[in-house]
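Just below is one structure, and these are the notes that go with it.
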Amino acid sequence: MKLSNQTIKSVGENSTIKIPSYNREQTEIGIVHLGPGAFHRAHQAVYTEDAMNLSGGDWGICGVSLRSATARDVLAEQDNLYTLAILDKQINYQVIGAIKEVLVASEQTQQVMERLSAATTKLVTLTITEKGYCLDADGRLDLTHQDISRDLKNRSTPVSAIGYIVQALGQRHINNIAPFNVLSCDNVSGNGDKLRQAVIDYAMQFDEELAAWITVNVAFPNAMVDSITPKTEDYTVAAVSESIGAKDEWPIQREQFTQWVIEDNWTGPRPDWDKVGVIFTSDVDGFEKAKLRLLNCLHSTLAYAGSLAGFETVFEVTSDDAFYEFICKLAKDEVIGSFLPPKELDVEKYSNEIIERFLNPEIRHLLAQIAWDGSQKVQMRILPIIEDNLALGRSTKLLSLSLACWFEFICRALKEGREIVDPLAATFASMPELLNDDTNDVVDAFLSIESVFGESLKNNKQLKRQLASSLQTLRVGEVSNINSIVEKLC
């Protein structure tokens with residue numbers, strides 16, 4: 001038996017499996033989503049599903065894949081239904097019906113444009129990754145980008161998300177149809193502001209009046225999203241299909257924790273997301289900072305310290321009592337208090353939730369993967385906390401240890417001839433100082449990398465002393481006994 005409209009009632013006879021409670025056949029499409037990949041199906045589509053289960057409404061989703069036909073072809077065989085498996089100590093299943101159709105833009109350009117231009121479409125959402133915004137280094141639309149250059153010459157048949165959005169808004173303006181709101185769900189800081197700028201830059205190239213109309217009438221809320229969504233594997237398909245009693249060719253899995261924070265500058269209708277856990281706020285930046293400083297800082301710390309100690313996954317290293325105590329102390333003593341949290345966030349509760357997420361045995365999050373691109377990640381996850389704590393006269397001893405673990409992670413890889421997955425891999429390889437035994441030389445070499453460290457950190461004598469001391473303690477001690485290292489440094 002295959003999962004479909006005809007079999008869903010049979011699936012729902014199992015009381016442990018949640019199925020749509022709204023009338024799916026009569027629900028109209030109100031959302032067009034560009035990029036219906038794993039994260040969208042596990043996150044925004046689920047919030048929309050829950051909102052319709054609670055309140056109804058015409059908020060069905062049309063998923064638009066800009067190029068790949070996989071989502072359309074697989075989901076069409078099961079009436080666009082699929083199963084969400086929530087991975088925790090107990091696994092729960094929910095059949096999601098919010099996605100009503102999937103189109104492939106490269107094959108169905110006219111149908112996509114008709115859906116975007118329809119008066120029934122109230123909202124366009126996106127998960128297209130940062131590269132899909134076609135931005136330059138200054139955060140403006142890159143007019144030399146291949147897709148943008150091509151779309152400006154062929155506006156009625158675009159290939160980029162920006163081209164589709166502007167073309168559809170132009171059609172709505174001409175036809176006197178109210179504009180849709182545009183909501184980025186990508187993990188990009190200030191995503192709404194950046195998307196808005198890209199859309200306006202594009203429209204300005206050929207229609208200043210349209211650009212002005214968009215500026216006044218279209219909302220581009222900033223948003224922050226969070227939930228770990230492991231890749232669907234063959235065993236996922238088999239396990240889910242067996243559990244629901246129907247063949248599901250493309251289920252999705254996600255951790256229990258999920259978060260969606262949206263800037264409250266909305267115009268017009270929206271699903272009852274606020275009733276199913278979405279936070280609407282004026283301080284999305286505060287939530288992003290909390291995520292970077294707690295989730296991401298602790299993640300990177302575990303990645304480097306845990307790898308040095310021989311652990312493989314986040315679950316394994318966090319399950320070690322010494323490392324658990326270390327990251328709890330780091331969060332409590334040096335991260336919380338380094339920033340002003342948004343009023344809607346209980347930061348201590350949030351910190352505890354994050355560490356509990358690390359202890360989920362069903363999520364196999366590899367430390368090696370988190371460790372990739374460290375030269376970029378530490379700039380966002382660790383260095384700003386150090387800078388703020390130094391300015392506030394707060395301790396940076398544990399943060400210095402976190403940074404020293406990254407230093408040692410790179411140094412060991414160089415000494416052992418292992419691949420370093422980092423944009424600065426060639427730079428590291430060209431620095432003989434990183435092979436030195438003198439930790440002061442190593443610290444000076446790292447701090448000299450201008451693209452990572454600014455002048456204030458490079459010349460801070462207190463930080464340099466702490467980094468050299470941390471690195472020396474790491475090298476003479478056993479990293480697996482992280483508590484003894486912390487005691488010596490603190």
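Tabulated results
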item: Inter-part distance where the range 47-65 and the range 421-477 are each reduced to a Cα centre, Å; result: 50
item: Members of LYS131/LYS332; LYS194/LYS291; LYS89/LYS231; LYS100/LYS289 lying beyond 30 Å, as alpha-carbon distances in this model show; result: LYS131/LYS332; LYS100/LYS289
item: Long-range HN-HN contacts of GLN256 with modeled amide H, under 5 Å; result: LEU87
item: Scattering profile of the chain at q = 0.06 Å⁻¹ [log10 I(q)/I(0), Debye over alpha-carbon scatterers]; result: -0.32
item: 5 angstrom amide H check on ILE99, placed H, neighbours 5+ away; result: ILE61
item: Dipole magnitude (debye, nearest 20) for the chain, charges at Cβ of Lys, Arg, Asp, Glu; result: 200
item: Cα centroid separation - the range 78-152 against the range 288-346, whole Å; result: 32
item: Highest average packing first - 324-330, 396-402, 430-436, Cβ atoms within 10 Å; result: 396-402, 324-330, 430-436
item: Net charge over other residues, Cβ less than 14 angstrom from the Cβ of VAL102 (K, R count +1; D, E count -1); result: -1
item: Residue-by-residue Karplus 3J(HN,Hα) for the range 370-387, coefficients 6.51, -1.76, 1.60, Hz, glycine and proline x; result: 5, 6, 4, 6, x, 4, 7, 5, 5, 5, 9, 9, 10, 4, x, 5, 4, 4
item: Karplus (6.51, -1.76, 1.60) ³J(HN,Hα), θ = phi - 60°, over the range 24-32, in Hz, Gly and Pro reported as x; result: 5, 5, 8, 7, 7, 7, x, 10, 10
item: Three-way shape call for the range 417-490 based on the alpha-carbon gyration tensor, with the a/c threshold at 1.5; result: oblate
item: Net lengthening on full extension, GLU208/THR70 (0.36 nm per residue, minus Cα-Cα); result: 45.9 nm
item: ARG412 paired with GLU478, simple spin-label distance in nm, labels 7 Å along Cα-to-beta-carbon; result: 1.4
item: Shape of the range 212-358, Cα gyration tensor, a/c cut at 1.5; result: oblate
item: Cα Rg, Dmax (largest Cα-Cα span) when computed across the range 8-282, Å; result: 18.5, 57
item: For VAL276, distant residues with modelled amide H under 5 Å away; result: none
item: Relative contact order for the range 69-147, counting Cα pairs under 8 Å that sit 6 or more residues apart, in percent; result: 18
item: Computed over the chain: relative contact order in percent, which uses C-alpha pairs under 8 Å that are six or more apart; result: 13
item: Hz values of 3J(HN,Hα) by residue in the range 276-290 - Karplus curve (6.51, -1.76, 1.60), Gly and Pro given as x; result: 10, x, 6, 9, 9, 8, 9, 10, 4, 4, x, 5, 5, 5, 4
item: Mean separation of Cα contacts under 8 Å (6+ apart) over length of the range 172-265, as relative contact order %; result: 29
item: Within-13-Å neighbourhood charge of ASP142 [Cβ basis; K, R +1; D, E -1]; result: -2
item: Beta bridges by DSSP in the chain, antiparallel share as percent, to the nearest 5; result: 30
item: Over 21 Å between alpha carbons, listed pairs LYS415/LYS488; LYS397/LYS458; LYS2/LYS275; result: LYS415/LYS488; LYS2/LYS275
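Only the coordinates and a few stated rules stand behind these numbers; no lab work does. A quick note: this is a predicted structure, and the numbers were derived from the prediction, not measured. For neighbour counting, all protein chains shown are included, and Cβ atoms are generated from backbone atoms with ideal geometry for every residue, glycine included.
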